[in-house]
Amino acid sequence: AYYYKEPSRTFSEFLLVPNLTTKDCHPGNVSLKTPIVKFKRGEQPSVSLNIPFSSAVMQAVSDHNMAVALARCGGISFIFGSQPVEEQAAMVRKVKGHKAGFVVSRSNLTPDHTLRDVLDLKQRTGHSTAAVTDDGTPTGKLLGIVTSRDYRTSRDPLDKPVRDFMTPFSSLIYGKSGITLSEANDLIWEHKLNCLPIVNERQHLDYLVFRKDYDAHKENPYELLDANKSYIVGAGINTKDYEERVPALVAAGVDVLVIDSSDGYTEYQRETLQYVKSNFGVPIGAGNVVDREGFLYLVESGADFVKVGIGGGSICITREQKGIGRGQASALIEVVEARDEYYAETGIYIPICSDGGIVHDYHITLALAMGADFVMMGRYFARFDESPTRKLKVGNNFVKEFWGEGSNRARNWQRYDTGGKQTLLFEEGVDSYVPYAGGLQENLDKTIGKIKSTMCNCGALTIEELQRKARITLVSATSIVEGGAHDVILKESSLSGE
Ligand code: MZP
């Protein structure tokens with residue numbers, strides 16, 4: 001047997017050491033834009049994300065609702081493949097049917113029009129958002145916006161003037177005012193606007209786009225986006241029924257595929273990659289692997305990105321059941337090294353996704369600093385309103401259901417099959433609960449806030465800069481204790497002890 005010289009390490013065994021933070025290095029200037037498919041040196045990837053987050057290929061995590069919510073925030077979901085082909089394709093179609101563009105309606109409203117006029121307009125056009133201009137013409141100066149939410153909840157008399165419901169927003173829409181995404185999100189939240197902030201590379205707001213079906217607004221003079229744009233969405237496939245599944249997903253408009261498997265270093269994955277590469281133009285990732293050999297095998301078989309991680313998932317018992325796997329940090333560090341060498345030799349950059357085992361938000365920053373281009377998370381997303389599972393009350397707490405793809409509940413034998421019977425012989429995942437945490441966006445904002453702040457500590461404005469500049473130290477078991485609150489009596493526990 002070959003013995004590794006170093007033990008398998010996890011994220012919790014590492015910390016980042018700060019670099020000089022220059023004055024321009026503040027969270028508002030940080031970009032989290034990241035590639036997710038391979039590209040040649042000097043070229044741009046065909047698919048990239050505004051935030052380095054993907055949601056796991058799991059029944060309990062990634063359906064069409066999660067996909068829309070996450071894409072809206074700049075990430076991507078990989079819709080679970082452990083369902084009939086048609087059902088998965090239908091989910092992809094639902095996401096693609098949501099247009100990211102648009103729009104303020106062509107309303108002919110001035111501030112003097114009444115609420116009744118708005119309701120009329122809504123009925124006639126089906127628009128839920130109306131623009132108010134100074135002269136009531138579509139080309140007049142935009143003074144504000146009235147959204148259906150304002151008047152639907154209003155008990156005011158219908159003859160009240162529109163100005164009472166108007167949100168003056170024109171400068172934001174047209175202004176390209178350089179405010180940050182989180183500032184824009186605050187405004188959207190504060191004004192309860194049904195709109196999507198469009199940000200530039202530095203995560204500054206370029207403009208706001210109001211969501212509505214595009215077709216109804218073809219002639220709209222207020223159209224603000226290149227308008228047929230739809231949310232990006234990924235989908236998981238397996239190495240068994242790909243000849244049936246992939247064409248259906250491609251026809252549904254999927255943007256990127258990933259072969260979902262607990263162990264990706266197999267000839268099955270090579271065959272699947274070769275089939276997709278020779279028949280379709282859609283990019284495809286593969287995995288999971290935990291070492292350089294696995295990485296190179298998949299890349300040479302055509303993978304557009306590679307997913308790293310075996311046994312670290314929160315619901316995963318593969319290591320206990322089969323004794324295979326590797327600490328997530330060690331796996332990532334080795335694969336990144338192989339990727340960087342491959343890039344230096346060939347000029348082709350292969351993005352890496354660190355999949356599973358993210359427990360604290362800082363683990364994401366560490367994964368990025370270690371060279372991952374994006375992370376995939378299950379437990380993290382399962383906690384939110386947007387995940388497909390039931391919210392229950394257990395004791396005094398709300399929880400959401402969360403089960404592994406290797407559990408009997410998921411019946412996903414394809415993910416674990418290595419050529420035997422078409423059943424799950426034993427479980428590699430558990431059926432569990434996770435604490436309910438509310439809505440996706442508010443949680444994501446907090447996590448992103450932490451990542452950006454840490455990046456500033458490291459003197460990095462982009463993920464690429466973080467990867468180049470990060471200084472990472474291993475921590476001893478004793479110093480891990482030092483990292484939490486210690487040697488004090490916490491108020492919460494002292495109170496509950498009373
Ligand atoms: P986590 O973010 O919940 O820690 O991990 C999610 C990842 O665990 C998934 O993306 C997938 O790679 C892996 N997974 C999903 N189901 C199982 C299982 O049942 C599993 N063993 O390991």
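The values are calculated or read from the model by the stated rules, or taken from the named source; none is laboratory data. Only a predicted model underlies this, so the values are computations on that prediction, with no experimental measurement involved. Don't worry about glycine lacking a Cβ; one is built from the backbone with ideal geometry, like all the others, and counts go over all protein chains shown.
With the condition being of a type outside the set (Val, Ile, Thr) and surrounded by fewer than 23 Cβ atoms within 10 Å (Cβ to Cβ), I'd like the strands (runs of 3 or more DSSP E) fully within segment 1-81 carrying at least 1 qualifying residues. Strands (runs of 3 or more DSSP E) meeting the threshold: 14-17. Of the residues Glu334, Glu271, the single one that is crowded, with 20+ Cβ neighbours inside 10 Å, modelled with pLDDT of 95 or more and away from the ligand (no atom under 15 Å from the Cβ) is Glu334.
Here Tyr380 meets each of (1) away from the ligand (no atom under 11 Å from the Cβ); (2) within 30 Å of Glu465 (Cα to Cα); (3) aromatic (Phe, Trp, Tyr) with one exception, condition (1).
Just so you know, in segment 57-108 the residues that are aliphatic (A, V, I, L, M) and within 14 Å of Ala252 (Cβ to Cβ) include one that is modelled with the lowest pLDDT, and it is Val95. Looking at segment 249-285, which of the residues that are touching a strand residue (DSSP E or B) at 6+ places or on another chain (Cβ under 6 Å) and of a type in the set (Ser, Thr, Tyr) is farthest from Val37 (Cα to Cα)? This residue is Tyr265. Only residues that are surrounded by fewer than 17 Cβ atoms within 10 Å (Cβ to Cβ) and more than 17 Å from Leu70 (Cα to Cα) were counted in segment 86-98, giving 3. Every listed requirement among (1) basic (Lys, Arg); (2) surrounded by fewer than 24 Cβ atoms within 10 Å (Cβ to Cβ); (3) within 11 Å of the ligand (Cβ to nearest atom) is met by Lys307 save one, (2). Among strands (runs of 3 or more DSSP E) entirely within segment 391-483, having at least 2 residues that are assigned by TED's automatic domain parsing to the domain that holds His26 and under 27 Å from Val258 (Cβ atoms) singles out 397-403, 431-435.
Regarding segment 14-35, can at least one residue be identified that is assigned by TED's automatic domain parsing to the domain that holds Lys240, over 20 Å from the mean Cα position of the chain (by Cα) and on the phi > 0 side of the Ramachandran plot? For segment 14-35, residues assigned by TED's automatic domain parsing to the domain that holds Lys240, over 20 Å from the mean Cα position of the chain (by Cα) and on the phi > 0 side of the Ramachandran plot: absent. Here Asp355 does not qualify as in contact (Cβ under 8 Å) with a residue 40 or more places away in the chain, within 14 Å of the ligand (Cβ to nearest atom) and out of contact with any strand residue (DSSP E or B) (no Cβ under 8 Å at 6 or more places or on another chain).
Take the residues in segment 395-416 that are aromatic (Phe, Trp, Tyr) and more than 10 Å from the ligand (Cβ to nearest atom), then tell me which one is surrounded by the fewest Cβ atoms within 10 Å (Cβ to Cβ).
Checked segment 395-416; the qualifying residue surrounded by the fewest Cβ atoms within 10 Å (Cβ to Cβ) is Phe398.
When segment 12-26 is filtered for residues that are in contact with a strand residue (DSSP E or B) (Cβ under 9 Å, 6 or more places away or on another chain) and closer than 30 Å to Val258 by Cβ, the ones remaining, listed by number, are Glu13, Phe14, Leu16.
Only residues that are without any contact (Cβ under 8 Å) to a residue 12 or more places away in the chain and either outside the structural domain of Asp431 (by TED's automatic domain parsing) or on the phi > 0 side of the Ramachandran plot (or both) were counted across segment 364-390, and they come to 0.
Among the residues of segment 429-454, the ones that are surrounded by fewer than 21 Cβ atoms within 10 Å (Cβ to Cβ) and within 16 Å of the ligand (Cβ to nearest atom) come to 9 in all. Taking the condition within 25 Å of the chain's Cα centre (by Cα) and more than 13 Å from the ligand (Cβ to nearest atom), does Lys421 pass? No, not satisfied.
Identify, from the list Gly325, Gly313, Gly371, the residue that is near the ligand (Cβ under 10 Å from one of its atoms), under 22 Å from Gly234 (Cβ atoms), assigned to a loop (DSSP other than H, G, I, E, B) and of a type in the set (Gly, Ala, Ser).
Every option except Gly313 fails the conditions.
None of Gly264, Gly294 is crowded, with 24+ Cβ neighbours inside 10 Å, within 16 Å of the ligand (Cβ to nearest atom) and part of a helix (DSSP H, G or I) except Gly294.
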